[in-house]
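In what follows, a structure is listed as structure tokens, so that the remarks can point back to it.
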Amino acid sequence: DSSPLVGLRYLLTRRTLLFLVGSFAAATLATGLANATLPRFLEDELGLGAGAYGFGFAALATGLALGKASVGLTRVGNHGGRWIGCALVLMAGCFCLLGLAEHAPTALVFLGAIGFVDGTTDVVFDTIVQNEADPRHYGSVFGVSTAVYTATMMAAVAVAPAANDVLASDAIILGVSVFLVVAGVLAFFGIPTRRPTARGEARIVAPASTAGS
């Protein structure tokens with residue numbers, strides 16, 4: 001089926017993938033709003049000056065790289081959905097601490113922690129999709145999910161100016177944690193733990209074993 005809607009139709013029939021994409025969409029909405037608020041928070045509230053945005057994203061990027069690398073050194077196994085749920089709630093806690101921070105270096109440490117946790121969820125997301133989706137639908141599933149995340153990110157960026165006119169930057173960052181808790185609950189309860197079967201294990205290792213062929 002070459003229909004552009006094939007990926008969406010497939011997602012709607014797969015509970016695990018639907019909850020996975022839904023939880024990430026909620027998380028992307030939250031982080032998009034936080035990212036658009038960071039320059040004001042870091043520069044005005046914490047006094048990092050004109051380079052505040054660069055310092056903040058450097059901390060996020062460092063954490064992101066370390067988080068992705070850490071997943072590469074471990075085995076995701078059958079509990080990816082549970083980890084994503086816990087990770088999103090952990091990110092909510094980090095955002096709360098960031099919103100309460102009054103010391104710039106401490107805030108950068110919290111941003112690095114947020115990036116680290118986010119990096120792990122990125123890799124686990126791809127792993128779950130490859131475990132749960134029919135290989136014939138990989139392209140459509142990844143395409144639809146990317147479109148959803150991009151749309152929610154842009155929606156958050158569009159809303160950010162109005163939110164920043166009404167609320168203090170630290171209040172916005174604290175509010176972001178609510179979206180992340182909702183996303184974490186969706187992932188934790190909506191994505192079932194996979195039973196360890198021979199077939200499941202084979203599907204987990206198959207991409208690595210065929211990467212060089």
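Can you find a residue that is in contact with a Pro (Cβ under 8 Å, 6 or more places away or on another chain) and at pLDDT below 90 anywhere in segment 82-99? Among the residues of segment 82-99, not one is in contact with a Pro (Cβ under 8 Å, 6 or more places away or on another chain) and at pLDDT below 90, which makes the answer no. Within segment 61-73, residues that are open to solvent by 50 Å² or more (accessible area, probe 1.4 Å) sit with their Cβ atoms under 8 Å from residues that are β-branched (V, I, T) and assigned to a helix (DSSP H, G or I), at 6+ positions apart or across chains, in these pairs: K68/T120; K68/V123; G72/V123. On the stretch given as segment 88-147, residues that are open to solvent by 30 Å² or more (accessible area, probe 1.4 Å), under 19 Å from the mean Cα position of the chain (by Cα) and small (G, A, S) total 4.
For segment 1-40, the set of residues classified as touching a His at 6+ places or on another chain (Cβ under 8 Å) and buried (at least 18 other Cβ atoms within 10 Å of the Cβ) consists of G7, Y10, listed by residue number.
For segment 41-56, which residues satisfy the criterion of being of a type outside the set (F, W, Y) and either free of Cβ contacts under 8 Å to residues at least 24 places away in the same chain or surrounded by fewer than 18 Cβ atoms within 10 Å (Cβ to Cβ) (or both)? If the condition is that a residue be of a type outside the set (F, W, Y) and either free of Cβ contacts under 8 Å to residues at least 24 places away in the same chain or surrounded by fewer than 18 Cβ atoms within 10 Å (Cβ to Cβ) (or both), then E43, D44, G47, G49, A50, G51, A52, G54 are the ones that fit. Kindly provide the set of residues from segment 150-169 that are surrounded by fewer than 18 Cβ atoms within 10 Å (Cβ to Cβ), of a type outside the set (A, V, I, L, M, F, W, C) and within 14 Å of A27 (Cα to Cα), ordered by number. The answer is T150, and nothing else.
The values are calculated or read from the model by the stated rules, or taken from the named source; none is laboratory data. Worth saying up front: this structure is predicted, and the values here are computed from it rather than measured. FYI the Cβ positions are ideal-geometry reconstructions off the backbone, even for glycines, and counts take in every protein chain you see. Heavy atoms of the whole protein, side chains included, go into the accessibility calculation; ligands, DNA and RNA do not. Shrake-Rupley method; radii C 1.70, N 1.55, O 1.52, S 1.80 Å.
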